[in-house]
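Below is one structure, written out as structure tokens; the observations come after it.
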Amino acid sequence: MSASPGTLLADGLRRLRLDPWLLALLLVLIGFGSLVLYSAGEQSMALVWRQWVRLALGMAVMLFVAQLPPRLLKAWAPALFAAALLMLVAVVFFGVGRGAQRWLDLGLLRFQPSEAMKLALPLALAALLQGKPLPPDWRTVVLAAGLIALPVGLIVIQPDLGTAVLVGMSGACVLFLAGLRWRLIFGLGGVLAAAAPLIWLNLHEYQRDRIRTFIDPESAPLGEGWNIIQSKIAVGSGGLSGKGWLEGSQSHLEFLPEPHTDFIFAVLAEEFGFIGVAAVLALFAAIILRGMFLASQCRDTFGRLLAGAMVFMFFVYLAVNVGMVSGALPVVGVPLPLVSYGGTSAVTLLAGFGLVMGLYSRRRFMG
Amino acid sequence: MISNARSAGMGDSRMALNQVSRRFHVLVVFMLIVIALLGLRLALLQLGDHEQYAAQADDNRISLRALPPNRGLILDRRSRVLAENRPAYRLVIVPERAEDLEDTLARLADLVPVSEDERRRFEQQSERSRPFESIPLKSNLDDREVARLATHRHRLPGVDIEPYLTRHYPHGELFAHLVGYVGRIDTRDRERLEADRYRASTHVGKTGIERQYETQLHGSAGFERVETNAQGRVLRVLERTDPAPGQNLQLNIDLDLQRAAYGALGDYAGAVVVLEVETGKVRALVSKPGFDPNLFVHGISHANYNRLLEHHQRPLFNRVLSGGYEPGSTIKPFIALAGLQAGVITPDTEVFSTGQFRLPGHSRTYGDWKRGGHGRVDLELALAESVNAYFYRLAVELGIDAISRELALFGLGRAAGLDLPGENSGILPTRSWKRATFNQAWFPGETVITGIGQGFIVVTPIQLAHATAALAGRGHTAEPSLVGQREPVRMVRHDDAYWQAVHEGMEAVVHGPSGTARAIAPQLNVRMAGKTGTAQVFGRPDESEGIEEREQDELPEFLRNHALFTGFAPSEEPRLVVTVVAEHGGGGASVAAPIAATVMNAALAVGL
């Protein structure tokens, strides 16, 4: 029986432990994202090429991660977590960066340990919970909560609120999927709400400003509020069908801040209108659904928890970024996954999808 | 299933796997709901509030840029230019493009002199402007400076030479008080000006015609709708409404006559007014000394301003409108008319001048300027020789009330209504005025000296000219006007014979054998009627004319009396009025009358 080229390609990808559907969806997103990036980056093809190089690197990492056997991952999980945590501690003392200390200068390259923690924390938690009776008992929950709180705390003091939220959420997601009791979830929520004033007092002034301007952007129309106001104007003025590719006045006349990085979704909304927005949201939803399907098919709880957390992290990126651009959330420096210009998050996210695909590929004995 | 069996074998219970599956469902539903909510949020922004945000995006993108209108020209009656807009060049700097602003300024200082004031203004304005806007450092560059800058411009990034229009007064001091000048708009101006029309303007009329007719001269700003980026840099022009230029303004003034009048005053500080009797049109209006109004256009330097303030002849003072002088004997024709009207005298009434006049029951004597007196004089001779005794007696018999009533008819005591800002109304003394001002009763002696235009009475040159025009027109004239013409009115109603008698007396001043101004008769190209006068600066009020002029010459200049002359020509059919005040001239007959004759001849020469 002669197979069609499409089937041959799909089989080839499966042999590489990659999921053709998820990969196709990601490539569609990247393709459309490149169009928007070209517009947002002042039509610089060089910028797009630089992004493609990063994405290619990310794809390579994804392919590599997909090959890692789950047993190896489980075995290495504690060590990886410990290493990431140590580096976060090192950042506190030797870190570099403007305004906030987020980077380790390793001579040849600079490394952001908090990025590694986005993978290491869910890995460690999944390894911790696997094999234990679920829902987890209170000892396990306390231990897991400690594992979450340590890195999150270290990242908050850098300070990097966006990454802290992402790392915290990915860890919490593992606990949630493991069946953390609802009363505990609501209880924790209550404690957090009660602690809100305490958190406020410990925030940095620029973080408080962001929350203040989120609540009332008009209070600082030329300062911090500018970003929110201009972003909402860009989005709102796009209307149903948008102003057309390369035609967004907010984006191209420099009203919109960071149009090619954090606020790229506003460029999309301005130029492609609600039709474009709905299409992209649908694409994200499809990626998330496919990802969750793959995760749910993994062989054991370790795989499911880890893969589920990876997809959820992708979702958190999306929700925080779109929420910020549309003025529904405070300005937190979180990029639109796989669309915003920048390499760090793209590599992390693609590595996460590599984990999902690799774990899914081992859902049953092969050969 | 194999996998389940296998995983159970690895330590995962079926229960645990089920637990995770249930949570997967919850999480998927949660994520889908959040994505749907985000979609809803975006739909509200993009569909619900689209119009509002679209308008805001346009507001962002499009801004209005104001364009300054060209100011109207000011022309004399023959359309010769008195105020124009001259192309000039200014040195501007775009701070954003200057690599090192301090260094650029230092290097510029070697090429063109930049004053402290200019430097300070530049710094103030650059604080208020955006970095890509060009800010003027020095305006009105001269040719050599432009040439020097042009050669060195390539070494001075961000420096540019920009053309613009600047107000220029080609006749300088000749029209300083009349045309006035424009100056930079200041905070006080901003309050009274219509913001829309002045959006792009830097200058506004500060004095004279420039201020009085600001509305017509200025015009209205135009607008350009331009697309800008977030820094405000203009990317393209979308739409343009041209500014409405100001209207040209034609004055009744004759440039040649003005120049002749200014010259005729010689070195005296003073005022000359030439009016057309029938229409009230002002043909010359001189306040001397003047100053160069061009100095004020670009902001006068402290040194120059102080020089003007400290000049002993006070060049900034507009004598025509604000100078208050005793009319002296120039008041006598008006007193005579009051006497004729009241029936106190007739043209033939004679008075004997002994050289001394005394009120019954008083010891104080009032003199005549001619030692020993003029003898027996009728009205004509009393005017011709300016006999004080005649008018002392007439004033006493009339009383102050009748005198003030008559003088009020001729417009004394109130502004003449000239279309220039800042007119002084002079002083017309009455019983009630004195009560209000000094809380004192009116004394009879004060009536005596009012009869010869001394004491409390104060007139401005324009008032005296206007009153003379009413006298020349036998009661008819119009308010004086520099632009257009006011409605002619009958200000005073008298029997024609009375007008005739006074006109004849005034003609005898110039053409009579013993007239005080008879010396000017030979040089006049027309028969002229008039009256000399001397305003007291120092000394006894009644000894100030004629013979005493020789003594006046020996006084230091600032103590000498002011010389006055007001008259009209031709005497039979009066067409023009000339009024002259020469400060510290000494005597009206010897100084003011010859000036008036020169001006009158000049008026005839220019066809008036």
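The values are calculated or read from the model by the stated rules, or taken from the named source; none is laboratory data. Computed from a predicted model, the values in this text were never measured in an experiment. Every residue, glycine as well, gets a Cβ built from its backbone with ideal geometry; the counts of neighbours run over all protein chains shown.
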Result of the Cβ filter at 8 Å on region B:70-82, keeping first residues that are within 14 Å of B:Ala244 (Cα to Cα) and partners that are among the β-branched types (Val, Ile, Thr) and surrounded by 18 or more Cβ atoms within 10 Å (Cβ to Cβ), at least 6 apart or interchain, is B:Arg71/B:Val182
If you go through A:Leu184, A:Leu175, the only one that is within 14 Å of another protein chain (Cβ to nearest Cβ), part of a helix (DSSP H, G or I) and surrounded by fewer than 16 Cβ atoms within 10 Å (Cβ to Cβ) is A:Leu184
Only one of B:Leu174, B:Leu165, B:Leu235, B:Leu217 is more than 14 Å from chain A (Cβ to nearest Cβ) and either loosely packed, with under 14 Cβ neighbours inside 10 Å or not in a helix (DSSP H, G or I) (or both), namely B:Leu165
All conditions in (1) farther than 30 Å from B:Asp49 by Cα; (2) touching a helix residue (DSSP H, G or I) at 6+ places or on another chain (Cβ under 7 Å); (3) basic (Lys, Arg) are true of A:Arg210 except (1)
Log entry, pairs with first residue in region A:174-193 being under 15 Å from B:Val26 (Cα atoms), second being of a type in the set (Lys, Arg) and in a helix (DSSP H, G or I), beta carbons closer than 8 Å, six or more apart or on different chains, reads A:Phe176/B:Arg23; A:Leu177/A:Arg304; A:Leu177/B:Arg23; A:Ala178/B:Arg23; A:Gly179/B:Arg22; A:Gly179/B:Arg23
Residue pairs qualifying under the 9 Å Cβ cut-off, at least six apart or on distinct chains, with the first in region A:322-339 being on the phi > 0 side of the Ramachandran plot and the second being at pLDDT 90 or above and acidic (Asp, Glu), are none
Output for Cβ contacts, cut-off 6 Å, separation at least six or different chains, first residue without any contact (Cβ under 8 Å) to a residue 60 or more places away in the chain and within 12 Å of chain B (Cβ to nearest Cβ) in region A:123-152, second surrounded by fewer than 20 Cβ atoms within 10 Å (Cβ to Cβ) and hydroxyl-bearing (Ser, Thr, Tyr), reads A:Lys132/A:Thr140
Residue pairs within 8 Å by beta carbon, gap of at least six or interchain, first lying in region B:166-186 and within 24 Å of B:Arg199 (Cα to Cα), second among the small types (Gly, Ala, Ser) and assigned to a loop (DSSP other than H, G, I, E, B), listed first then second, are B:Thr166/B:Ser139; B:Gly183/B:Gly299; B:Arg184/B:Gly299; B:Ile185/B:Ser201
Residues of region A:323-345 being more than 12 Å from the chain's Cα centre (by Cα) and assigned to a helix (DSSP H, G or I), in sequence order, are A:Gly323, A:Met324, A:Val325
Pairing a residue in region B:287-303 that is over 17 Å from B:Glu118 (Cβ atoms) with any residue that is in a helix (DSSP H, G or I) and aromatic (Phe, Trp, Tyr), where Cβ atoms lie under 9 Å and the two sit 6 or more apart in sequence or on different chains, gives B:Lys288/B:Tyr262; B:Gly290/B:Phe175; B:Gly290/B:Tyr262; B:Pro293/B:Phe175
(request) With the condition kept exactly as written, say whether any residue in region A:359-367 is out of contact with any Lys or Arg (no Cβ under 7 Å at 6 or more places or on another chain), more than 9 Å from chain B (Cβ to nearest Cβ), farther than 19 Å from A:Leu23 by Cα and assigned to a helix (DSSP H, G or I). (result) no
Within region B:449-480, the residues that are more than 26 Å from B:Arg431 (Cα to Cα) and touching a residue at least 40 places away in the same chain (Cβ under 8 Å) are B:Ala469, B:Ala472, B:Gly473, B:His476, B:Thr477, B:Ala478, B:Glu479, B:Pro480
From the option list B:Leu27, B:Leu91, B:Leu45, B:Leu32, single residue qualifying as at pLDDT 85 or above, within 9 Å of chain A (Cβ to nearest Cβ) and in contact with a Lys or Arg (Cβ under 7 Å, 6 or more places away or on another chain) is B:Leu45
Requested in this report: Output yes when any residue across region A:292-315 is under 16 Å from the mean Cα position of the chain (by Cα), in a loop (DSSP other than H, G, I, E, B), surrounded by fewer than 23 Cβ atoms within 10 Å (Cβ to Cβ) and of a type outside the set (A, V, I, L, M), and no when none is.
Outcome: no
Expected single match for of a type outside the set (Ser, Thr, Tyr) and touching a helix residue (DSSP H, G or I) at 6+ places or on another chain (Cβ under 7 Å) among B:Pro95, B:Pro170 is B:Pro95
*asked:* Just to be sure before I move on: is B:Glu380 assigned to a helix (DSSP H, G or I) and touching an Asp or Glu at 6+ places or on another chain (Cβ under 6 Å) in the structure I sent?
replied: yes
B:Leu40: passes all of (1) more than 9 Å from every other protein chain (Cβ to nearest Cβ); (2) at pLDDT 95 or above; (3) buried (at least 17 other Cβ atoms within 10 Å of the Cβ) but (3)
Checked pairs for region A:48-70, first in contact (Cβ under 8 Å) with a residue 40 or more places away in the chain and in a helix (DSSP H, G or I), second buried (at least 16 other Cβ atoms within 10 Å of the Cβ) and among the β-branched types (Val, Ile, Thr), C-beta under 8 Å and 6 or more apart or across chains, list as A:Arg54/A:Val347; A:Leu55/A:Ile30; A:Leu57/A:Val347; A:Gly58/A:Val347; A:Val61/A:Val347
Next on the checklist: Tell me yes or no: at least one residue of region A:271-283 is within 7 Å of chain B (Cβ to nearest Cβ) and either of a type in the set (S, T, N, Q) or assigned to a loop (DSSP other than H, G, I, E, B) (or both).
Outcome noted: no
The lone condition A:Ser345 fails out of (1) within 12 Å of another protein chain (Cβ to nearest Cβ); (2) within 27 Å of A:Val65 (Cβ to Cβ); (3) among the small types (Gly, Ala, Ser) is (1)
Inside region B:297-324, the number of residues satisfying the requirement of being in contact with a Leu (Cβ under 7 Å, 6 or more places away or on another chain) and either surrounded by 23 or more Cβ atoms within 10 Å (Cβ to Cβ) or among the basic types (Lys, Arg) (or both) is 2
Within region B:352-376, the residues that are closer than 18 Å to B:Val509 by Cα and surrounded by fewer than 22 Cβ atoms within 10 Å (Cβ to Cβ) are B:Lys370, B:Gly373, B:Gly375, B:Arg376
For B:Ile595, the lone unmet condition from (1) at pLDDT below 95; (2) surrounded by 24 or more Cβ atoms within 10 Å (Cβ to Cβ) is (1)
Of the residues in region A:40-55, those that are at negative phi and modelled with pLDDT under 90 come to A:Gly41, A:Ser44
How many residues of region B:325-350 are in contact with a Leu (Cβ under 8 Å, 6 or more places away or on another chain) and outside any helix (DSSP H, G or I)? The answer is 8
Exactly one of B:Arg211, B:Arg188, B:Arg184 is basic (Lys, Arg), more than 14 Å from chain A (Cβ to nearest Cβ) and surrounded by 16 or more Cβ atoms within 10 Å (Cβ to Cβ), and that one is B:Arg211
By residue number, the members of region B:484-525 that are touching a residue at least 24 places away in the same chain (Cβ under 8 Å) and of a type in the set (D, E, K, R) are B:Arg486, B:Asp495, B:Glu504, B:Glu507
